[in-house]
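The structure appears right after this line, and notes come after that.
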Amino acid sequence: MSFDDALATRVRRVLAPRSDVTERRMFGGICFLVGGSMACGIVKAELCVRVGAGRHEEALCAPHTRPMDFTGRPMRGFVYVGAAGLADSAALRKWVTLGIQHALATPKRNRVPADATARQRK
């Protein structure tokens, strides 16, 4: 799968003032992490936003949204926003901000790098 480069550029512009943003290939597209937690991403031409379980139903009531479902089972707390819902910068900023808010509210986990985990198991 691929992702919309133009949309990725727009998302990067919204996230540019932050120093805690990283990018990672996930879900067959690209995801943007804030403080180590996923905030949003792009799969094909849609924005995927991690809004959290508490805001899931509210987010789905917004126009041009649908549940994030690429395995046959919707992921609670994640929504896709179609291109029509991202037509202007204010709309995109709103969705990216929701993702940032959730990422910042997510408790940080102490992750052990995969190679360190393998060494611990020996």
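The values are calculated or read from the model by the stated rules, or taken from the named source; none is laboratory data. Since the model is a prediction, treat every value here as computed from it, not as a measurement. Cβ: placed from backbone, ideal geometry, glycine included. Neighbour counts: every protein chain shown. For the accessible areas, the whole protein counts, side chains as well, though only heavy atoms, and no ligand, DNA or RNA atoms are used. Shrake-Rupley method; radii C 1.70, N 1.55, O 1.52, S 1.80 Å.
Looking at segment 80-95, which of the residues that are in contact (Cβ under 8 Å) with a residue 12 or more places away in the chain and in a helix (DSSP H, G or I) is most open to solvent (accessible area, probe 1.4 Å)? The selected residue is R93. Which of the strands (runs of 3 or more DSSP E) contained wholly in segment 1-79 include at least 3 residues that are open to solvent by less than 60 Å² (accessible area, probe 1.4 Å) and under 16 Å from A91 (Cα atoms)? The qualifying strands (runs of 3 or more DSSP E) are 37-43, 46-50. Taking the criterion of being within 10 Å of the chain's Cα centre (by Cα) and among the aromatic types (F, W, Y), the only residue of segment 32-70 that qualifies is F32.
Please tell me if K108 is modelled with pLDDT under 95 and on the phi > 0 side of the Ramachandran plot.
In short, no.
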